[in-house]
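Visitor: Pasting a structure here, questions to come.
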């Protein structure tokens, strides 16, 4: 796609059990899943640092962790890449292990609510739902481009919604013009936000996206608000989601769960570009250089230079 039609190219997300998530994306969504990659094995420096931490005294570990917290975390991080049938990496699964106790870190907070994937036009969602039922995967039908909880009888299009092992909602959208064995690519990501107006302004000014929220969507100040960010006449790339508690207070966004999102657009804004705090900066074998922005909620956004 050109710069005038940005797309969501990949999502790097944290998981609580890497093997379980790998099995899910391989067996349920039929993605090509790489073998786990230990980030410390990708760097001589990280391997050496890991050796010092695991074999050295507490003083050494504390010194290394304070000197470079990001590198320290990467010593105990494993990732894998999930790609669709054409080989494009769409998901990067990230698992972080506690350096002392050995357990994997829980995915906490409200960051990435979920995302959508396009299905091949040859896939029948009713048959797929039957397969999900046999596999004991919970699913539901809902309005396209929502959180999967709304079902409008007057809507002509509904999607199949499932949840990944960590509870993120995945919308499966059948696209007649898309051909492939199963998944043909990502659609959009749904991000929790605390201030939908501020986040909307960021994606408009910095990433060149437009608010294309359908007028038919009811914005409930007492329940939930959406903002579809994409291109006019096109599909959303990022959906901003501000959720409201029953007592009227906003659901607090943020936490641990999303490493970064990547967009196929060019940087549109001005000002300081924050250094990347991502565990994994890009899929393997990429030749394009990127910069990383931090949106108002603290999410890391990768875009082309």
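Visitor: Calculate, for residue 205 and residue 256, the FRET efficiency according to 1/(1 + (r/R0)^6) with r their C-beta to C-beta distance and R0 25 Å; round to the nearest 0.05.
Guide: On the way: r = 27 Å, r/R0 = 1.10.
The value I calculate is 0.35.
Visitor: If we sort 28-36, 206-214 on the protection proxy, mean other Cβ atoms within 10 Å, highest first, what's the order?
Guide: On the way: 28-36: 16.3, 206-214: 17.9.
The packing order, highest mean first, is 206-214, 28-36.
Visitor: For the pair residue 23 and residue 178, how long in nm is the line joining their label points, each one 7 Å along Cα→Cβ?
Guide: 2.7
Readers should treat all values here as calculations from the given coordinates under stated rules, not as data from a laboratory. These numbers come from a predicted model, not from an experiment. Positions of Cβ are generated from backbone atoms using ideal geometry, with glycine treated the same way; all protein chains shown enter the neighbour counts.
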